[in-house]
C-alpha cells in the first residue's frame, strides 16, 4: 500500500511512552509542503521519517537547510549499531570533511559517510545549502 501523507509524525513525536519508534511498514510519498520546518540556530530541519523497518534497525530521512557560514561539528556514526549516511545536496554549496580531507561540492552532489569516518559539513557559500540526509542502521545479526 502507498501512503501519500506521512503516516509517521515527525520526531521527536516519534518516541512512545516506552521510548520506541513506530515501525515503518508501508511505502509513502511526502510532499515538500507537508514536511514541517523546525528552526535551528544554524538554519532549519524538516523531518520525513525515522523508525525501524522490516530489514533495518532504523531508517531516517530529514532535510537540512544550513545557513551561510554554518556547519556541523566533526563526528562519527560509529554507535553501538553503526549508522551509514548519505547526503543529497539539493541547493547551495557544502564543504565536506572526511577524516580531515576537505572537498567543496555544489548542487546535485551525492555524499556517503561510512560509520567510522570523522565527518562534517560547512556551508562556505553566500546562500543557504539545502540537503537531504538519509541514514540507516542494520538490524542486529541473528544469533547462530
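Any idea which of 115, 124 is over 16 Å from residue 86 (Cβ atoms) and assigned to a loop (DSSP other than H, G, I, E, B)?
124
Condition first: touching a strand residue (DSSP E or B) at 6+ places or on another chain (Cβ under 9 Å) and either exposed (fewer than 14 other Cβ atoms within 10 Å of the Cβ) or closer than 26 Å to residue 128 by Cβ (or both). Now tell me which residues in the range 40-58 satisfy that.
If we filter the range 40-58 for residues that are touching a strand residue (DSSP E or B) at 6+ places or on another chain (Cβ under 9 Å), which is where we start, we get 40, 42-53, 55-58.
Within the range 40-58, 40, 42, 43, 44, 45, 46, 47, 48, 49, 50, 55 meet the criteria.
Just the residues that are part of a loop (DSSP other than H, G, I, E, B) and at pLDDT below 95, please, taken from the range 50-73.
Those that are part of a loop (DSSP other than H, G, I, E, B) and at pLDDT below 95: 52, 53, 54, 55, 72, 73.
The values are calculated or read from the model by the stated rules, or taken from the named source; none is laboratory data. Just so you know, these numbers come straight off a predicted model, no measurement behind them. Methodologically, a virtual Cβ is constructed for each residue, glycine included, from the backbone with ideal geometry; neighbour enumeration extends over all protein chains shown.
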